[in-house]
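Have a look at the structure below before the remarks.
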Amino acid sequence: MNESPMNEIELETNQQPKYTISILVNNKPGVLMRITQTFSRRGYNIDSLVVSPAHNPQFSRLTMVTQGEIEGFDQIIRQLNKLVDVVHAHHHVSTHSIERELAMFKIGVSSKGREEVLQIVEVFRAKVLDFTENSLIVEATGSTEKLDALEKILTSLGIIEMVRSGKVIMARGMEMT
């Protein structure tokens, strides 16, 4: 049983509420387009979208982070569940699910600044994927908040490029995601 989105809403300063939704769909062409149209018709922005195969290759799993006004959000979930190729769509709150994100940061560093970056990498339990004379590529996984904090710190040291996966979630316990 899912919680109402009004029970727990992630808020960022001066932004609309954010919602994390897991959608299990039939693995067919055009499904993603129909799902995204449901959000755009209601004026909801999609902040993050991850599409991956489900355990059964007949299905795909979509994890979306969206934002918008609370009015109408329940209607979006109902509309998603009515779409032919949607098996089920659930809103997930962070207290009832495990959430993770992956990020890679390419940082321009000289030999003098390298030690500082390596200390930060250690504190955030990240790892170095590539090490050249002038740059490092760092991989980190964790909550969105953790990766936001790491990004903020690394920005001051010279991020050249960044790639983030978007949030993936799994419901805790025996509840289906």
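Listed values, structure above:
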| item | result |
| --- | --- |
| Unmet requirement for residue 49, which otherwise passes all of (1) assigned to a strand (DSSP E or B); (2) in contact with a Phe, Trp or Tyr (Cβ under 7 Å, 6 or more places away or on another chain) | (2) |
| Criterion: hydrophobic (A, V, I, L, M, F, W, C), modelled with pLDDT under 90 and open to solvent by less than 60 Å² (accessible area, probe 1.4 Å) - qualifying residue of 9, 107, 77, 35 | 9 |
| Qualifying residue in region 147-168 (condition: surrounded by 13 or more Cβ atoms within 10 Å (Cβ to Cβ), closer than 30 Å to residue 38 by Cβ, in contact (Cβ under 8 Å) with a residue 24 or more places away in the chain and of a type in the set (Lys, Arg)) | yes |
| Residue within region 163-175 that is in a helix (DSSP H, G or I), over 13 Å from residue 100 (Cα atoms) and not hydrophobic (A, V, I, L, M, F, W, C) present | no |
| Search result, residues across region 83-103 that are part of a strand (DSSP E or B) and either open to solvent by less than 20 Å² (accessible area, probe 1.4 Å) or touching a helix residue (DSSP H, G or I) at 6+ places or on another chain (Cβ under 8 Å) (or both) | 86, 88, 89, 90, 91, 92, 97, 99, 101, 103 |
| Flag if residue 70 is open to solvent by 20 Å² or more (accessible area, probe 1.4 Å) and of a type in the set (Val, Ile, Thr) | yes |
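The values are calculated or read from the model by the stated rules, or taken from the named source; none is laboratory data. These numbers come from a predicted model, not from an experiment. Here the Cβ is made from the backbone with ideal geometry for all residues, glycine too, and neighbour counts use every protein chain on show. Side chains included, ligands, DNA and RNA excluded: accessible areas come from the protein's heavy atoms. Shrake-Rupley method; radii C 1.70, N 1.55, O 1.52, S 1.80 Å.
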